[in-house]
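Peer 1: Sending over a structure as structure tokens; questions will come in a sec.
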């Protein structure tokens, strides 16, 4: 053995020292090769397909598909990342603009809220795209190109919560002689929304540890589709169309006195009454620009069609004198989180509605992660997929908690990027990381938020009406997976009775508890919570669909009825085709 010792020692001394790890050396060599070679920058990708305009007729050769971990050229990674950032940009800036407008916040605070939303979404999207193993079978993140943004479900519920706060005196408001109610600034209401969202996020975190199969059984497409449909439809009526007409800040009521006699206010440049043809024309121009981009734009522009609509509308609005540039000049050059702070508190009447919001966010996350996996050519069954669902829902819940600390409304997985993956055939996470870098950059440069804040309401309305309608169509797509048996039709009819009723008559449940005399604080808070849930279309319709789905038994006769109905339809189609052939 003594003769072998020198040999072993000599071998040991020739190996790399513990500090010379070959893995980092490989990473550094790959990075150097990528940034110093033409192939590393450009690869073999057909950039003409990506950038040249297309025609409605004619077909072009599709580029190769890049999987979630495939090697991606630098230019393509940056270009794909920019497409993802632009595709979700309008959806990210709209909620803070609407929330700030609802609370009559000053331009500085509103600009900060936009920047914070962009920065927070960039940071938490990096977490969602990761796949960190925690313990046993539990993960954090999906490991897919999944990005997060401010949830439209939160936006719809927040409007109902803010309305309750102004009604009960939590937020200041004044009433003129003709009955017009003018709201005052209420930043504390936003702090209460954040605090309530922070504690309610624990519900989604807890749901993430349930089996995804149990979640899918409790929240089938019949429930999730109804919720998404009602979210999009309610936002079109509450924000999209009112802004298209000139504003949703009170001028849509066309009062005869006060600052809202004209839109957006009497002191704004080129102010006009709500619904004026000039406003309608600006919104229509932005709307048509989106359609034309879809018809003739390159794949790059098609993925950023919402931004194209905003740019075209702003150019015309600026030339016609509708833009107030004060928000741009007053915005800081550089900003970050916590430049403005809010008093984080819990608003008890909002707890029940926000818990319902997080249930809906869980449903949205499951659907969007499934769509992302399908677009990324990942199997949507088995343990691996179940772990991606679990990790995505957990990251979604933690994102709701952390976003409140970031002074950002609750975030959830966005669906816009699935369309970008399908069009560009790039599901690579490197492109997703570049997307996050662009979002953080957009947020840090404060002037960009000032530009977004200066967008005229009609331009924003024309674009967001299309955006919110796309959300409603996503709900219809989910509902298309429903097998329309008698039971399913009954559940949907019951759910839509409340949801559509709220849309058409928004104040129907507002005075439900007016007859109760001298309720204590706890009872009054409960009444307000119930009123908010009943007055929010997607909350009440989703709740009814959920309860009916759990209560009504699966009837074999009903299932056979659906199958027989499908067979009858198929037989009729065959008979029709035979008849056409004979003719």
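FYI, it's all coordinate maths here, none of it is from the lab. Keep in mind the model is a prediction, meaning the values are calculated, not measured. Glycine also receives a Cβ, built like all others from the backbone with ideal geometry; neighbour counts cover every protein chain displayed.
Peer 1: When the chain is fully extended, how far beyond the present Cα-Cα distance does residue 504 get from residue 484, taking 0.36 nm per residue of separation?
Peer 2: Details: separation 20, 0.36 × 20 = 7.20 nm, distance 2.54 nm.
This chain segment gains 4.7 nm when fully extended.
Peer 1: Given labels modelled 7 Å from the Cα in the Cβ direction, how far is it in nm from residue 497 to residue 296?
Peer 2: 5.1
Peer 1: I've got another one for you. When 51, 171, 251 are ordered from fewest to most other Cβ atoms inside 10 Å of their Cβ, what list results? Walk me through the numbers on the way to the answer.
Peer 2: Values: 51 12, 171 22, 251 27.
Going from least to most buried by this count: 51, 171, 251.
Peer 1: Please give the Cα centre distance for segment 142-181 versus segment 250-316, rounded to the nearest Å.
Peer 2: 22
Peer 1: Quick one: if you stick a label point 7 Å off each Cα along the C-beta vector at residue 329 and residue 530, how many nm between them?
Peer 2: Placing both labels 7 Å beyond Cα along the Cβ direction yields 5.4 nm.
Peer 1: Follow-up question, since we're still on this one. Between residue 377 and residue 425, what is the label-to-label distance in nm when each label sits 7 Å out along the Cα-to-Cβ direction?
Peer 2: 0.9
Peer 1: Over the chain, what is the relative contact order in whole percent, taking alpha-carbon pairs under 8 Å and six or more residues apart? Before the final figure, lay out the partial values.
Peer 2: Working: 983 pairs, mean separation 157.8, N = 583.
Taking the mean separation of contacting Cα pairs over the length of the chain, I get 27 percent.
Peer 1: Find how much the distance from residue 135 to residue 217 grows on full extension, using 0.36 nm per residue of separation minus their present alpha carbon separation; answer in nm with one decimal. Each step should come with its number before you reach the end.
Peer 2: On the way: separation 82, 0.36 × 82 = 29.52 nm, distance 2.52 nm.
Gain in length upon complete extension: 27.0 nm.
Peer 1: Could you point to the label whose value was computed as Rg and Dmax of the Cα atoms in Å for the structure here, given (i) 25.6, 84; (ii) 23.9, 89; (iii) 26.6, 106?
Peer 2: (iii)
Peer 1: Okay, next question. Which FRET efficiency, nearest 0.05, do residue 270 and residue 177 yield, Cβ-Cβ r, R0 30 Å?
Peer 2: Values: r = 28 Å, r/R0 = 0.93.
FRET efficiency, residue 270 to residue 177: 0.60.
Peer 1: Using the alpha-carbon centroid of each, what span in Å lies between segment 87-125 and segment 426-471?
Peer 2: Rounded to whole Å, the Cα centres lie 9 Å apart.
Peer 1: Also, quick follow-up: Quickly estimate the mean residue ellipticity at 222 nm for the chain, helices only: each DSSP H run with n ≥ 4 gives -39500 (n - 2.57), and the total goes over all residues, rounded to 500. Don't skip to the end; give the middle numbers.
Peer 2: Working: 25 runs with 378 residues, N = 583.
Computed ellipticity for the chain at 222 nm equals -21500 deg cm²/dmol.
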